[in-house]
Amino acid sequence: MVKNAKFFWEVLKETFDEWNNSNASRDSASLAYYAIFSIPGLLIIIIWIAGNFFGEEAIRGEISNQISGIMGAEVSKSVESMIAGALIDKQNIFMKIVGIGSLVFGSTTLFFQLQHSLNSLWDVQSAPKKALIKFLLDRANSLGMILMIGFLLMITMILSSLISVFNNIITKYFGFETYLLVELVNFGVGFGLVMLMFALMFKFLPDVQINWRPVWKGAFLTTLLFTLGKFLLSLYFGNFKPTSAFGTAGTVILIMMWINYSCMLVFFGAEFTKVYTYKKGYKIVPSKHAKWSAAKLYEESHKNQTPQV
């Protein structure tokens, strides 16, 4: 037990050093910028997918509630306006095709750029001869992440709906303690779903083949920090109004602040996954459409050199 705690602490310290010396701050700010253009398309695609099961109005309401709980009602209304402004004319076939293509391209840009940042963290890059294939695969992976988010949102809605329906019944017949237990289970399942999302992100977005064990470790740490940070930031945004001085631009700045914070945590979790993987000695190889970066090859060549006497 003590040995495991010591190992975890060493990995955590090295992770912080690597993360602090990396381009995490710059990449997070860059991704926050791309997110402003990706959010409308991303949310619309999620609404279309999940709306087939629960109705588009119900999904919009759930998304608004989630955003409102984190960043306030004002930001939620602004995001709704962004979605409304990006809606597609479904009567005109040509405009529908162009609109859907634009939405898919715009919505996948955020994950596409995130993938590039994670590749840089893992010291891999695309193989030049397979650039076009790699580009298409990256966009497909990004779209897959959006579909996964839509699926997780549906699962979360089902659980929330069940808790709401049985709220009074549970309290009346089984007591308040049972209701608290059900709420705790609901929180645990929600925590697990977010952890699953981060695990899939760490496993499939970067162009490296890694073991699942460090992926789950990194996903758990990231989810823990994300849950704590979400609570603290919601208090901060709600009580101190940090963007009030920016007027109408405050909403956009608030969204960028939230995305920037989330990306910083993702990079910290990915860095933890990388450090844990190397310390445990798990095998790491680039995917078939990628190769080690020049910096990585240089580092390995010098590491393998034996000093001459």
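The values are calculated or read from the model by the stated rules, or taken from the named source; none is laboratory data. Just so it is clear, the model here is predicted, and its values are computed rather than measured. Neighbour counts are summed over all protein chains in view; Cβ atoms, including those assigned to glycine, are modelled from backbone coordinates with ideal geometry.
List of remarks:
Yes or no, residue by residue, for (1) at pLDDT 85 or above; (2) surrounded by fewer than 14 Cβ atoms within 10 Å (Cβ to Cβ):
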position	(1), (2)
N4	no, yes
F7	yes, yes
V11	yes, no
D17	yes, yes
R26	yes, yes
A35	no, no
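- Residue satisfying all of: in region 52-72; modelled with pLDDT under 70 and of a type in the set (G, A, S); nearest to I253 (Cα to Cα) among these: G72
- For region 198-213, the set of residues classified as buried (at least 17 other Cβ atoms within 10 Å of the Cβ) and without any contact (Cβ under 8 Å) to a residue 60 or more places away in the chain consists of A199, L200, K203, listed by residue number.
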